[in-house]
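Taking it in order: structure first as structure tokens, then the write-up.
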Amino acid sequence: GENVEQHPSTLSVQEGDSAVIKCTYSDSASNYFPWYKQELGKGPQLIIDIRSNVGEKKDQRIAVTLNKTAKHFSLHITETQPEDSAVYFCAASKGHGAGSYQLTFGKGTKLSVIP
Amino acid sequence: SAVISQKPSRDICQRGTSLTIQCQVDSQVTMMFWYRQQPGQSLTLIATANQGSEATYESGFVIDKFPISRPNLTFSTLTVSNMSPEDSSIYLCSVERGRGGTEAFFGQGTRLTVV
């Protein structure tokens, strides 16, 4: 089955700096790669995703890149703010449509943004 | 997105007892998913629940321990049976929605402590 590795497990950055979290996946058939943010006491929240027909996607301060050949994808957060502090999970799926997705999650990265 | 409500949000239970967790979605969905998140760990899929059929369990999870109901297209329950301290986890309900049906959204989770 699919295996998703995520690094680093913890990351501390100064406010205003950038943060990068990297994931690799094992199944070349995976084609959907979401990122989730989980704050303390809450469920994971989808923040951005990318599909295998796209190499990069950006949403304000957040961007995700995908390298299908190398089977890795990364989350980039620029101009970090204290409210970005949370645990971030990457995931991979082979889903093509309704009823066919199954997410495999990485182990998570605890991001701390120091004011 | 989807609005997913889980009840209870947290509970402390005696070993040997059972707890039923409810998940209500704001609109009809084909599939609902139940995840377990052990303390400080990533998310592991327990089972997939379709309306009108038996749930499909992942390796390591069995129906006798985690019976699931899916009586309609907006509601599901997960029961954690004959609990032991090792069952202490966050249990999360999830649905898929969006383009291609591959975007997953999560409830806030049920934090279970077994003593």
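All of the numbers you see were taken from the coordinates with simple rules; none came from a lab. Note that the structure is predicted; figures quoted are calculated from it, not measured. Don't worry about glycine lacking a Cβ; one is built from the backbone with ideal geometry, like all the others, and counts go over all protein chains shown.
A straight Cα-to-Cα reach below 21 Å connects B:K7 with the lysines A:K42, B:K65, residues fewer than 8 places away in its own chain not being considered.
Rounded to whole numbers, the Karplus 3J(HN,Hα) couplings from phi for region A:30-43 are 4, 9, 9, 9, x, 10, 10, 10, 10, 8, 4, x, 10, x Hz, using 6.51 cos²θ - 1.76 cosθ + 1.60 with θ = phi - 60°, and x at Gly and Pro. Of all the options A:G16, A:G43, A:G55, the one that moves most in a Gaussian network model of chain A with Cα springs shorter than 10 angstrom is A:G43. Under Stokes-Einstein, with the Kirkwood radius over Cα pairs as Rh, the value for chain A at 37 °C and 0.692 mPa s is 231 µm²/s.
Annotation for region A:1-31: GluC sites (Glu not before Pro) lying in DSSP loop with at most 13 further Cβ atoms inside 10 Å of their Cβ are A:E15.
Among A:F33, B:F66, the ranking by other beta carbons within 10 Å of each residue's beta carbon, starting with the fewest, stands as B:F66, A:F33. Each Cα pair under 8 Å and six or more residues apart adds its separation to the average, and for chain B the resulting relative contact order is 36 percent.
Whole angstrom only: what separates the Cα centroid of region A:39-77 from the Cα centroid of region B:1-78? Computed from Cα coordinates, the inter-centre distance equals 26 Å.
Take each residue in B:58-68, count the other chain C-beta atoms within 10 Å of its C-beta, and the mean is 0. Checking Cβ-Cβ separations below 4.7 Å across the protein assembly as shown identifies B:C13 as cysteines lacking any candidate disulfide partner. By the Cα gyration tensor, region B:25-115 has an equivalent ellipsoid whose semi-axes, rounded to whole angstrom, run 22, 15, 11 from largest to smallest. Look at B:I12, B:I68 and count the other Cβ atoms within 10 Å of each Cβ; fewest to most, that gives B:I12, B:I68. Highest GNM mean-square fluctuation among A:E83, A:E39, A:E56, for chain A modelled with Cα contacts below 10 Å: A:E83. Among B:A49, B:Q24, B:M83, whose Cα lies farthest out toward the positive end of the dipole of chain B, if unit charges sit on the beta carbon of Lys, Arg (+1) and Asp, Glu (-1)? About the Cα centre, the residue reaching furthest to the positive side is B:Q24.
Placing +1 on the Cβ of every Lys and Arg and -1 on the Cβ of every Asp and Glu, with nothing else charged, gives the protein assembly as shown a dipole about its Cα centre of roughly 160 debye.
Across region B:47-60, rounded Karplus estimates of 3J(HN,Hα) from the backbone phi angles (6.51 cos²θ - 1.76 cosθ + 1.60, θ = phi - 60°) give 6, 10, 10, 9, 5, x, 9, 5, 5, 9, 9, 7, 4, x Hz, Gly and Pro being marked x. Running a GNM on chain A with Cα contacts under 10 Å, which residue among A:L75, A:L66, A:L46 ends up with the highest mean-square fluctuation? Fluctuation is largest for A:L46.
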